[in-house]
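Below is one structure; the comments refer to it alone.
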Amino acid sequence: MASISSRRLAKELMEIKNDGCPVGINLVKADDFSTWWFTIQVMGESLYKNEQFTLQFRFDPQYPISSPAVQFVVTDGKEAPVHPHVYSNGHICASILGNEWSPVLSVIAVCVTLQSMLASCKEKQRPIDNDRYIKHAPENPKKTRFHYDDDT
Amino acid sequence: MIPMNSEPDVPLRDPPSQSGEEEGPSAAEQAKAIEQPPPQPVEITADTNLSELSAAQMYELNQAHETADVHRPLIAEIAPIAELRAEYENGSTLFVQQIDNLESQGYSSIRRTRAVAFAYVEQVLKSSDPPLAVATTLSTLEGTPALLETVGYQNLVFDDFYSVLVQLVRNVTIPDELGNKLTNQTLLEAFQSPAESNSIVVYMRMLTSAQMQLNAENFAPFLFHPELGEPMEVKEFCENFVDAIGKEADHVQMTALSQILRIDISVAYLDGRSEQLDFVKFSPEETTSSSPIVLLYRPGHYDILEGSYS
């Protein structure tokens, strides 16, 4: 019997292929049930107009009980958006990816949440502890225990 | 925005005193836990005046207990309640008195577990008329996917979890592909498997959440942020404290779960505040259970009470 993670991801993928992604989000690759890439753009007026970012999802066999490891891709000339909750290595400080993860969320729901996080940004800046964090950051953002101090 | 630690392979749990956030052990930790030796009891010193602690402090105290218990299996064999008593003997006498109080009421054993889920399926298995119990339970469960969709859950986020629960209940009377019906042993094994156990717990969280959202006006007056104490919207409360993994169910969630599953639940609150120990009964108007599921609550955690009267 296929694992819960691959059954669930197969359904999510089928839905994306049948119904498409929400505006501004596009599937780049999903060749297996371990790593998926999406491009993400903020529609309308925002600080990120005309910018495009790439999001990487990594799934472990416990997905969706366990959260996916989600980060912006920062290789091959790609860059993470300049945002108070996004580190320059692509790691994202968002409670839904940490202690508020819920199996009710899907990959697309995470993309949409991050898209609106960017859309509501008022000032382009890196987290204050960016330099310190990226020096010692683990490869997998799920290994970081972020402290979530606001709702934005 | 402060990463608390960034070294790899460090357990992602800080002692509760250093962190206001709470999360359950990850599925991987739980899987690992099954192979580990049993935990050491945590000491609560006699100097601690538990009656002066706030609900949040009691919660943290018990979470500290739970944190020390990461090597505990997801669900254990039934144990004499004396084992629980022994854990508290060096600490508060009120806890010990409350435990004695339970024993005097016929609750002689305890099954350490994480959820109501086990007791729910076990009750079907132990029923005097299993085919009727299975039919009644399935009839309730089969109505729930539509309720989840009504509050906006996509079928794909709950379908797999739903199937796991329904299969298990069905297996009480219908043999699986190997020709075996559910037994006490295979039920225990199912709940010791993180994939199955977590699926069922997650589905029950979704049911709880749906019931609260469908009856928002009944629940709204009782929803407060556990740390800030501020009133919360039902939707927001559910997203943060019901759907999210590792948040423990409180009185409100238990009320909702008993309603949607149409079961009676009786909870003994072990809080170390007085010698008395009160049972709180959750009895929905529509109920299909012949006898209540009896649980023991310590702030932040539920176990199953077993005994001659349960």
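The values are calculated or read from the model by the stated rules, or taken from the named source; none is laboratory data. No experiment lies behind these values; they were computed from the predicted model shown. In this analysis, Cβ positions are derived from the backbone assuming ideal geometry, glycine residues included, and neighbour counts consider all displayed protein chains.
Things to note:
- Per the conditions (1) closer than 23 Å to B:Glu83 by Cα; (2) in a loop (DSSP other than H, G, I, E, B), the sole criterion not satisfied by B:Ile174 is (1).
- Restricting attention to the range A:59-89, the residues that are within 14 Å of chain B (Cβ to nearest Cβ) and outside any loop (DSSP other than H, G, I, E, B) add up to 4.
- The residue of the range A:101-152 that is farthest from A:Asn89 (Cα to Cα), among those that are in contact with a Lys or Arg (Cβ under 9 Å, 6 or more places away or on another chain) and touching a residue at least 24 places away in the same chain (Cβ under 8 Å), is A:Pro103.
- Residues located in the range B:181-199, provided they are part of a helix (DSSP H, G or I), of a type in the set (S, T, N, Q) and within 14 Å of another protein chain (Cβ to nearest Cβ): B:Ser197, B:Asn198, B:Ser199
- Flag for A:Gly20 being surrounded by fewer than 17 Cβ atoms within 10 Å (Cβ to Cβ), on the phi > 0 side of the Ramachandran plot and out of contact with any strand residue (DSSP E or B) (no Cβ under 6 Å at 6 or more places or on another chain): yes
- Meets criteria (crowded, with 17+ Cβ neighbours inside 10 Å and closer than 17 Å to A:Phe59 by Cβ) for A:Leu97: yes
- Residue in the range B:108-127 that is surrounded by fewer than 17 Cβ atoms within 10 Å (Cβ to Cβ) and assigned to a helix (DSSP H, G or I) present: no
- Taken as a whole, the condition of being under 11 Å from the mean Cα position of the chain (by Cα) and hydroxyl-bearing (Ser, Thr, Tyr) does not apply to A:Thr144.
- The set of residues in the range A:23-47 that are surrounded by 20 or more Cβ atoms within 10 Å (Cβ to Cβ) and part of a loop (DSSP other than H, G, I, E, B) contains only A:Val42.
- Failed item, numbered, when A:Ile108 is tested on (1) assigned to a helix (DSSP H, G or I); (2) at the interface with chain B (Cβ under 9 Å from one of its Cβ atoms); (3) closer than 22 Å to A:Gly20 by Cα; (4) not polar (S, T, N, Q): (2)
- Residue within the range A:57-68 that is out of contact with any strand residue (DSSP E or B) (no Cβ under 9 Å at 6 or more places or on another chain) and within 20 Å of A:Ala137 (Cα to Cα) present: yes
- Residue count for the range A:117-152 satisfying the condition of being within 16 Å of A:Pro84 (Cα to Cα), at pLDDT below 85 and surrounded by 13 or more Cβ atoms within 10 Å (Cβ to Cβ): 3.
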